[in-house]
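Peer 1: Can you keep this structure in mind? I'll have questions shortly.
The values are calculated or read from the model by the stated rules, or taken from the named source; none is laboratory data. Because the structure is predicted, anything quoted here is derived from the model rather than measured. Here the Cβ positions follow ideal geometry from the backbone for every residue, glycine too, while neighbour counts run over all protein chains shown.
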Amino acid sequence: MSTIVSISTAPGIGGIGIIRMSGENTFKILNKIFRAKKPEDISKIPGYTIKYGYIVEEENIIDEVLVSYFKKPKSYTTEDMCEINSHGGNVVMRKILEICIKNGAELAEPGEFTKRAFLNGRIDLSQAESVIDIINAKTDREAKEGIKQLEGYLAEQIKKIKEGLLEVITNIEVSIDYPEYDTPEVLEEDLKNKINEATKQLETLEKSFDNGKIIKEGIKTAIIGKPNSGKSSLLNAILKEERAIVTEYEGTTRDTIEEFVNINGIPLKLIDTAGIRKTDNEVEKIGIEKSKKIAKDADLIIVIIDGSKDLTDIDNEILDNVNSNKTIIILNKMDLEQKINENTDKIKNFKNVIKISALKKEGIENLYEKITELFNLNKINVDNDIIITNERHKNQIQKAIKNLNDAKNSLNSNMPIDIVAISLKDVLTNLGEITGEEASEEIINEIFSRFCLGK
């Protein structure tokens, strides 16, 4: 493979920047451009060593740097690698990158370092995907689950299931070639037990995706209500900043405002929508229609109602058109005299009702508790459970479960035993696509194209 190089730190100004290089000519190129304060033959420098010196071009010092040495196979890519820790300015990092390229390195593609780690067998495909999850994590829980998958917990579980099925397939093939060794009844009973066991394990993983999706994508939450009910004040109170404009004039919010907030380690994607009312303003009409669509697609709807006033026709219309199972009713302005409560007509149809004062930021914790209760957030255990967070993994597990059921049906229908073996081999293929043994080049390239440069 060629020697690749890339800037690994994010664009911008910072204290340090890292230029990463990997491949068989890494140290040859480094010797041309790095002048160590205490020169030493590369063969005598152990891996995991840092040396201080300067990056030079034609004897001109470009920057004062620290260079980390990683010798194959004990490196991220399993190849010879180095990381040049320079000062974190765009100009100096790009200059060092250019010098590396001039001396024989090629600019790395997005995710190419991790792709090489996968292709060289240091990690499997599910572990490689977890790297993206860790980089993009919005909460501690999401990062923790990414770390677990990077450590190979999911891969190990998949490996155990595959080993059990391989044993079954081997027994089938032996029984076909040497039918005198097993009675059909004994073989069939063992087959059913192993298939049931594998199905149960995969169904547990499949069910974990509901929690995994919450950990990774968060809870899409629409805040809806009539104008001046306190939607924007609620958003500001949750975010603890003046994110949305709040005025006494109706219709201030005409488009959606989206922000993330962390609740018990789960990202809550808050969407403040345009106030719902009858209007002749075309721009406001568009915003109101958008509000209704967002509410329909949301995981959670927060309907905010001014508790100091009687319910209006607009309030009633909103309450009639939301799913009560995924809705929290907020009676706002509890600091004022209340005209409605949990027992008011329409309101009493909803089991999740709380009172707050968005303006005075009172009762916000009650909202967090209600969301935690509604989505069982306290029961999501990333420490002990293996949780599927990747849609691709879930799809492959569902295919594997279908093929296991096909194998079971073939057994129950007294189909030839080799037909059962075909379905079980398909299961191995499905699971192999998760870990990468059976993944196509197209899938592999698509996965690594989502990575950032330098990773």
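Peer 1: Can you tell me which of SER86, SER75, SER68 is in a loop (DSSP other than H, G, I, E, B), under 33 Å from the mean Cα position of the chain (by Cα) and of a type in the set (Gly, Ala, Ser)?
Peer 2: After ruling out the rest, the residue left standing is SER75.
Rundown of residues vs (1) in contact with a helix residue (DSSP H, G or I) (Cβ under 9 Å, 6 or more places away or on another chain); (2) outside any loop (DSSP other than H, G, I, E, B); (3) surrounded by 12 or more Cβ atoms within 10 Å (Cβ to Cβ); (4) at pLDDT 85 or above, yes/no style:
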| site | (1), (2), (3), (4) |
| --- | --- |
| ASP310 | no, no, no, yes |
| ASN316 | no, yes, yes, yes |
| LEU319 | yes, yes, yes, yes |
| ILE328 | yes, yes, yes, yes |
| LEU331 | yes, yes, yes, yes |
| LEU336 | no, no, yes, yes |
| ILE340 | yes, no, yes, yes |
| ASN343 | no, no, no, yes |
| LYS351 | yes, no, yes, yes |
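Peer 1: In segment 1-33, what residues are of a type in the set (Ser, Thr, Tyr) and either surrounded by fewer than 14 Cβ atoms within 10 Å (Cβ to Cβ) or not in a helix (DSSP H, G or I) (or both)? Break it down stepwise before answering.
Peer 2: Restricting attention to segment 1-33, the residues satisfying the condition of being of a type in the set (Ser, Thr, Tyr) are 2-3, 6, 8-9, 22, 26.
Of everything in segment 1-33, those that are of a type in the set (Ser, Thr, Tyr) and either surrounded by fewer than 14 Cβ atoms within 10 Å (Cβ to Cβ) or not in a helix (DSSP H, G or I) (or both) turn out to be SER2, THR3, SER6, SER8, THR9, SER22.
Peer 1: Between GLU373, GLU289, GLU365, GLU284, which is modelled with pLDDT under 85, surrounded by fewer than 16 Cβ atoms within 10 Å (Cβ to Cβ) and assigned to a helix (DSSP H, G or I)?
Peer 2: Exactly one residue qualifies, and that residue is GLU289.
Peer 1: Kindly indicate which of ASP418, ASP406 is outside the structural domain of PRO11 (by TED's automatic domain parsing), over 29 Å from the mean Cα position of the chain (by Cα), surrounded by fewer than 16 Cβ atoms within 10 Å (Cβ to Cβ) and not in a loop (DSSP other than H, G, I, E, B). If you could, list the steps in order and put the result at the bottom.
Peer 2: Details: ASP406 fails: surrounded by fewer than 16 Cβ atoms within 10 Å (Cβ to Cβ).
Just one listed residue meets the conditions, ASP418.
Peer 1: Still on this structure, please answer the following. Which residues, taken from segment 403-455, are of a type in the set (A, V, I, L, M) and at pLDDT 90 or above?
Peer 2: Once the filter is applied, which keeps residues that are of a type in the set (A, V, I, L, M) and at pLDDT 90 or above, segment 403-455 yields LEU404, ALA407, ILE422, LEU424, VAL427, LEU428, LEU431, ILE434, ILE443, ILE444, ILE447.
Peer 1: Can you tell me which residue is surrounded by the fewest Cβ atoms within 10 Å (Cβ to Cβ) among those in segment 382-403 that are within 21 Å of the chain's Cα centre (by Cα) and in a helix (DSSP H, G or I)? Even if it seems obvious, please write down each step before you answer.
Peer 2: Initially, segment 382-403 is screened for residues within 21 Å of the chain's Cα centre (by Cα), giving 382-398.
Next, from what is left, pick out any that are in a helix (DSSP H, G or I): 391-398.
On the way: GLU391: 13, ARG392: 17, HIS393: 24, LYS394: 20, ASN395: 15, GLN396: 24, ILE397: 25, GLN398: 15.
Filtering segment 382-403 for residues that are within 21 Å of the chain's Cα centre (by Cα) and in a helix (DSSP H, G or I), the one surrounded by the fewest Cβ atoms within 10 Å (Cβ to Cβ) comes out as GLU391.
Peer 1: Let me ask another. In segment 121-145, what residues are surrounded by fewer than 19 Cβ atoms within 10 Å (Cβ to Cβ), among the hydrophobic types (A, V, I, L, M, F, W, C) and within 18 Å of LYS72 (Cβ to Cβ)?
Peer 2: Matches in segment 121-145: none.
Peer 1: Looking only at segment 216-242, how many residues end up being within 29 Å of the chain's Cα centre (by Cα) and either farther than 11 Å from ILE302 by Cβ or of a type in the set (S, T, N, Q) (or both)?
Peer 2: Selection size over segment 216-242: 12.
Peer 1: Pairs, please: C-beta under 6 Å, at least 6 apart or cross-chain, first residue without any contact (Cβ under 8 Å) to a residue 60 or more places away in the chain and in segment 2-30, second of a type outside the set (D, E, K, R) and surrounded by fewer than 17 Cβ atoms within 10 Å (Cβ to Cβ)?
Peer 2: PHE27/ILE42
Peer 1: Also, quick follow-up: Checking PRO110 against (1) under 23 Å from ILE447 (Cα atoms); (2) assigned to a helix (DSSP H, G or I), only one condition comes out false. Which one?
Peer 2: Against the list (1) under 23 Å from ILE447 (Cα atoms); (2) assigned to a helix (DSSP H, G or I), PRO110 comes up short only on (2).
Listed here are the residues, each with its yes/no results for (1) modelled with pLDDT of 90 or more; (2) surrounded by 22 or more Cβ atoms within 10 Å (Cβ to Cβ).
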| position | (1), (2) |
| --- | --- |
| LYS102 | yes, no |
| ALA108 | yes, yes |
| LEU119 | yes, no |
| GLN149 | no, yes |
| LEU154 | yes, yes |
| ASN171 | no, no |
| ILE176 | no, no |
